[in-house]
Amino acid sequence: MLRYLTAGESHGQALVVVVEGLPAGLAFSKEEVQAELARRRLGYGRGPRMRFEKDEVTLLAGVRHGRTLGSPLAIEIANTEWPKWVEEMSPAPGATAKPLTKPRPGHADLAGMQKYGLKDARDVLERASARETAARVAAGCAAKALLAHLGVSVVSHVVALGGVHVGRPGCGSGHGGDGAGGSYPRPRPEDLDAVDRSEVRCFDPSAEPAMVAAIKQAAKDGDSLGGTAEVLAYGVPVGLGSYAHWDRRLDGLLAQALMSIQAIKAVEIGDGMEISDRRGSVSHDAIVWEPGIGAYRRETSRAGGIEGGISTGEMIVARVFMKPLATLNRPVLKTVDTATKEETVSFKERTDVTAVPAMGVVAETMVALVLAQEAIRKFGGDSLEEMLYNFHGFVESLR
Ligand SMILES: Cc1cc2nc3c(=O)[nH]c(=O)nc-3n(C[C@H](O)[C@H](O)[C@H](O)COP(=O)(O)O)c2cc1C
């Protein structure tokens with residue numbers, strides 16, 4: 001079993017993630033984590049924090065001489081702004097001089113204050129903040145390193161931002177629908193650098209300028225934008241997940257993991273939304289035998305690479321829908337001061353105009369973590385060598 005837990009507040013001293021269940025012998029370095037964290041900071045329309053947020057990574061445990069030991073992996077991401085926050089975020093007994101009592105609509109602030117009996121919204125928002133996803137990305141880096149040995153690569157790209165969709169104009173969820181690669185370009189693993197070079201992590205150069213223009217306009221208006229990222233997992237072997245129990249279905253696990261990202265309001269697997277309007281005869285993927293590679297294939301990928309909760313060996317496709325961010329640079333959302341019960345507008349914590357490009361990187365991470373978890377469950381092994389032995393044996397048995 002692969003398990004991971006994160007700890008840390010947005011402006012606390014550091015974020016920490018502990019990952020347990022990785023096999024021994026996996027090459028892993030702090031530089032890989034740093035590079036992946038830099039990808040999480042990408043994207044036009046992000047606030048100033050992204051420019052000075054340099055993630056200082058320390059591998060605290062579980063790695064020796066560049067290889068995992070099979071013991072828990074612990075990664076620390078230090079907050080480089082900590083000197084400014086030492087007093088406000090001090091764990092020592094005391095009180096803040098500036099409690100936040102104007103909870104922001106669309107955030108965890110008010111429900112969190114009520115749930116935990118807290119009087120200062122900072123006690124909630126510090127943990128509810130998406131800064132926490134940096135710790136997930138660090139864990140996901142180990143998951144990606146493991147998956148690479150199985151020939152699995154996970155990539156993401158932005159397919160809609162602020163109402164601008166790649167591919168067919170006006171297409172509701174912005175996807176191709178016929179499963180044959182769609183009506184917009186889909187990046188392959190070797191294209192990931194090109195995606196990351198795009199200001200909005202979009203692989204369709206014809207859509208990029210309109211997305212950037214939408215962000216500029218929203219910034220001018222003091223508003224925010226949402227959008228959709230598509231995650232593609234290449235090379236996933238047959239047999240991850242199961243139909244045997246509801247909580248083992250791969251589609252269910254992916255949906256939960258992706259929905260757990262802050263501000264995600266919907267997840268679609270394959271052509272999920274579009275096929276709910278279609279007839280059955282044009283909604284599924286025909287099975288064919290390809291003697292050349294000695295494998296069953298699907299003629300299309302409408303199911304998004306999952307049938308009966310199990311990976312089919314085809315590309316896994318998940319689309320992740322993000323709401324427009326709730327904090328606006330123009331305070332228009334009403335709230336109530338919890339100290340006086342008077343109507344007011346919410347306080348403003350630093351905010352991005354949009355975080356859809358970065359969200360794609362976090363979504364990649366969550367997909368990689370689920371696939372690594374299921375790969376470890378299926379192939380097991382305490383060392384990478386043992387796991388690969390089991391993996392290759394299984395793949396051979398399918399021929
Ligand atoms: C990468 C990333 C960056 C985010 N940045 C912001 C931000 O700058 N401003 C904001 O209001 N929300 C931001 N969010 C979303 C909030 O964290 C989220 O809406 C809030 O915690 C409430 O959770 P919910 O929308 O899932 O209900 C971000 C989310 C992600 C994934």
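Here, each number is a calculation from the coordinates, and none is a lab measurement. Small disclaimer: the values here were computed from a predicted structure and weren't measured. So basically every Cβ, Gly included, is an ideal-geometry build from the backbone, and we count neighbours across all protein chains shown.
Miscellaneous remarks
- GluC sites (Glu not before Pro) within region 293-399, DSSP loop, no more than 13 other Cβ atoms inside 10 Å: E299, E342
- Added length on full extension, which subtracts the Cα-Cα distance from 0.36 nm per residue, S29 to K323: 102.4 nm
- Mean separation of Cα contacts under 8 Å, 6 or more apart, over the residue count of region 218-310: relative contact order %: 30 percent
- Proximal aspartates and glutamates to K102, defined as alpha-carbon separation beneath 16 angstrom and excluding residues fewer than eight positions away on the same chain: D120, D123, E126, D337, E342, E343, E349
- Most positive-pole-ward Cα, P209, A128, V18, against dipole of the chain from beta carbon charges: A128
- Within the chain, helix-based [θ] at 222 nm, where runs of 4 or more DSSP H residues each add -39,500 (n - 2.57), nearest 500: -9000 deg cm²/dmol
- Each of A92 and H65 was given a label point 7 Å from its Cα along the Cα-to-Cβ line. The distance between the two points is 4.3 nm.
- Region 116-169 versus region 270-300: alpha-carbon centroid distance in Å: 29 Å
- Mean Cβ count within 10 Å, highest first, over the residues of peptides 141-148, 243-250: 141-148, 243-250
- Neighbours of Y296 by Cβ distance under 13 Å: Lys/Arg scored +1, Asp/Glu scored -1, total -2.
- Among the trypsin sites (Lys or Arg not before Pro) within region 259-355, those in coil by DSSP and having at most 14 neighbouring Cβ atoms inside 10 Å are R278, R279, K341, K348, R350.
- Computed on the chain, with alpha-carbon pairs under 8 angstrom and 6+ residues apart, the relative contact order is 22 percent.
- Point-to-point label distance, L398-A7, nm (Cα→Cβ direction, 7 Å offset): 4.0 nm
- FRET efficiency for the pair K334 and K54, taken as 1/(1 + (r/R0)^6) with r the Cβ-Cβ distance and R0 = 41 Å, rounds to 0.65.
- Seen from R122, the other residues with C-beta closer than 12 Å to its C-beta sum to a net charge of -2, counting Lys and Arg as +1 and Asp and Glu as -1.
- Residue order, fewest to most beta carbons within 10 Å, for S283, S156, S90: S90, S283, S156
- Among residues other than A139 with Cβ under 13 Å from its Cβ, the summed charge is -2 (Lys and Arg +1, Asp and Glu -1).
- Residue-wise HN-Hα coupling along region 10-20, computed from phi with Karplus coefficients 6.51, -1.76, 1.60 (Hz; x: Gly, Pro): 3, 10, x, 5, 6, 9, 9, 10, 10, 10, 10
- Using alpha-carbon coordinates, inclination of helix 250-259 to the longest axis of the chain, degrees: 20 degrees
- Amide H contacts under 5 Å for L100: A121, R122, restricted to partners 5 or more places along the chain or on a different chain, H placed in the peptide plane at 1.01 Å from N.
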